[in-house]
Amino acid sequence: MGLEEIDLIDGRNFVAGVPHEWFRRLRAEAPVYWHPEAAAHRGGFWTVTDYDDCVTVNRDWERFSSAKHSALFADMDDEQLAQQQLMMLNMDPTMHTRYRRLVNKGFTPKLVRDLEQQIVGYADGIIDTVCERGTADFVEEISAELPLLVIAELLGVPQEDRRKVFDWSNRMIGSDDPEYQIEGADSGEAAMAVFSYAEELAARRRLEPRQDLVSVLIDAEVEGEKLDQLELDLFFMLLIVAGNETTRNLMSGAMVAFFDHPDQWEKLRQDRSLLPSAVEEMLRFVTPVMHFRRTVVADTELGGQALQEGDKIVFWHTSANRDESVFTDPDTFDIARSPNNHMAFGGGGPHFCLGANLARMEIMVMFDRLLDRIPDIRLDGEVQRLQSNFINGTKHIPVAFAPSAPIGATPLPARAG
């Protein structure tokens, strides 16, 4: 097939798996490639696939802006864009820097270390709910639960409401996937439900402040002004999606990678000191967020191509993390890989993932507990993947393992249906 037949827009092309063979060709033949898109400015966008250029686009906000047309792939009308530009993800420094400071205190290394025992307790509680049965849907019953419990704790969301967070974020992120859509509804309705919930929660915290991020954001100021309700709503939406979808899909994709590479599971089971490097390899190999978008600020050059002011440019972390010039045998899942300077968290710069330390902790704890308690976990049916060109997602993973007795971990909080 010719390069013109590559279609990175249609989420159906990602259901069978990330089309790494396409990215491999693009890196080799056209690492900065003009991809047709009829609705886009000038009828297409630049797709960037090699590691060095992806890092450049991510870091160089003065040439490649997150704010002008957002960091999200889809183009928006002026009203939608104005709203999205109030979200930290869709800002450039210096405004981005000011907003980031507001939430940094919720993700400090000390806070993450202090959460470790609570995360261990949650992980054991999750395994307790399935261990006697000997079967589970790994996504819905295991990998989805831990980040939901943790982000609910951080934000001050009552734990019984975490299922609502799960459903709303699925509908927003999985807007192309039929399973996550409600007939007659769209992803905008899920966003409005999140806003409504955020406003109710903020109203409660104004009356009864707690040690959670919603209470922090209510009192926070940017340049002497407090956040208005829409800014609070958008912060809340960003945090529930970023704190839920990415870690859940990383753990799910990593479990599938271990099923496909059972020697690596056994290697990790035999040598738990490999866990830190294994987590980094899970992040590289899965790369749950596959791309972000920028807009070219002024005429410039990248990878030998002349880019024009206003051009849409999409850089693909999922391709950069398989770049042969950076990673030896990049399609091999190697839990001892070193060095492993992946860009699953964005490759540095102002938009480096603020929850990176927390995500690493959750992943490490969950796999440590799985290795201890259900080491014989195996695939027991068909993996069902998300229809999306944005999130490398997995919806269902049926698994089986030898039944065992619960260890009596603290029972998980009930959740509303």
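Hey, what's the Kirkwood Rh for the range 258-306 if you take every pair of different alpha carbons, in angstrom?
Result for the range 258-306 stands at 14.2 Å.
Using only C-alpha atoms and all pairs of different ones, pull out the Kirkwood radius for the range 252-360 in Å with one decimal.
By the Kirkwood definition, the hydrodynamic radius is 15.6 Å.
Above 24 angstrom, tally the Cα pairs of the range 32-168 and express them as a % of all pairs, no decimals.
55
Enter the per residue convex hull volume of the range 1-83, computed from alpha-carbon coordinates, in Å³ rounded to the nearest integer.
Cα-based convex hull of the range 1-83, divided per residue, equals 124 Å³.
Cα centroids of the range 109-153 and the range 366-417: how far apart, whole angstrom?
A separation of 10 Å, based on Cα centres.
Given +1 on the Cβ of Lys and Arg, -1 on the Cβ of Asp and Glu, and no further charges, what dipole in debye does the chain carry about its Cα centre, rounded to the nearest 20?
1040
Report the full-extension gain for the segment E200 to T97: residue separation times 0.36 nm, less the Cα-Cα distance, to one decimal in nm.
34.3 nm
Would you work out if the range 376-417 is rounded, prolate or oblate? Take a ≥ b ≥ c from the square roots of the eigenvalues of the alpha-carbon gyration tensor; rounded if a/c is under 1.5, else prolate when a/b is larger than b/c, oblate otherwise.
Note, shape of the range 376-417 comes out oblate.
Assuming 1.002 mPa s and 20 °C, estimate D for the range 93-205 with Stokes-Einstein, Rh taken as the Kirkwood radius over Cα pairs, in µm²/s.
It diffuses with D of about 130 µm²/s by this estimate.
Could you name the lysines whose alpha carbon sits less than 23 Å from that of K110, not counting residues in the same chain fewer than 8 places away?
none
Just the number please: accessible area per residue for the range 24-181, 1.4 Å probe, all protein chains included, in Å².
Counting only protein heavy atoms, the per-residue value for the range 24-181 is 41 Å².
Run the dipole for the range 35-103 about the Cα centre, Lys and Arg Cβ at +1, Asp and Glu Cβ at -1, nothing else charged, and hand back the magnitude in debye, nearest 20.
Taking the Cα centre of the range 35-103 as origin, the dipole is about 380 debye.
How far apart, in nm, are the 7 Å Cα→Cβ label points at Q211 and A356?
About 2.7 nm separates the two model spin labels.
If you project the alpha carbons of the chain onto the principal axes, what extent comes out on each, in Å, largest first?
Principal extents (largest minus smallest coordinate, Cα): 63, 54, 43 Å.
With r defined as the distance between the Cβ atoms of L379 and R113 and R0 fixed at 45 Å, what FRET efficiency is calculated, to the nearest 0.05?
The value I calculate is 0.85.
May I ask you to give the average projected area over all directions of the convex hull of the Cα atoms of the range 128-279, in nm² rounded to one decimal?
12.5
When the accessible area of the chain is split by element with a 1.4 Å probe, what percent falls to carbon and sulfur?
Solvent-exposed carbon and sulfur of the chain make up 50 percent of the total.
Give the dimensionless ratio obtained when the Cα radius of gyration of the range 217-312 is divided by 2.2 N^0.38 Å.
1.66
Between E5 and T410, what is the FRET efficiency for a Förster distance of 51 Å, r being their Cβ-Cβ separation, to the nearest 0.05?
FRET efficiency, E5 to T410: 0.40.
Please find, in a Gaussian network model of the chain (springs between Cα atoms separated by less than 10 Å), the residue of E309, E153, E362 whose mean-square fluctuation is greatest.
Top of the fluctuation ranking is E309.
Please give the contour-minus-distance gain from D260 to Q308: 0.36 nm per residue of separation, less the Cα-Cα distance, rounded to one decimal in nm.
13.0 nm
Using a 7 Å offset from the Cα along the Cα-to-Cβ direction at both E21 and D161, what is the distance between the two label points in nm, to one decimal?
Placing both labels 7 Å along Cα→Cβ, they lie 4.7 nm apart.
Report Rg/Rh for the range 109-158, rounded to two decimals, where Rg is the Cα radius of gyration and Rh the Kirkwood radius.
For the range 109-158, the value is 1.03.
log₁₀ I(q)/I(0) of the range 304-407 at q = 0.17, 0.19, 0.24 Å⁻¹, via Debye over equal Cα point scatterers, no solvent, to two decimals?
-1.21, -1.37, -1.42
Counting only Cα, what are the radius of gyration and maximum Cα-Cα distance Dmax of the range 314-371, in Å?
For the range 314-371, the Cα-based Rg and Dmax read 13.2, 38 Å.
How much FRET efficiency would the formula 1/(1 + (r/R0)^6) give for A193 and K226, where r is the Cβ-Cβ distance and R0 is 25 Å, rounded to 0.05?
The value I calculate is 0.55.
The values are calculated or read from the model by the stated rules, or taken from the named source; none is laboratory data. If you're wondering where the values come from, they're calculated on a predicted model, not measured in any experiment. Methodologically, a virtual Cβ is constructed for each residue, glycine included, from the backbone with ideal geometry; neighbour enumeration extends over all protein chains shown. With ligands, DNA and RNA removed, areas are computed over all heavy atoms of the protein, side chains included. Shrake-Rupley method; radii C 1.70, N 1.55, O 1.52, S 1.80 Å.
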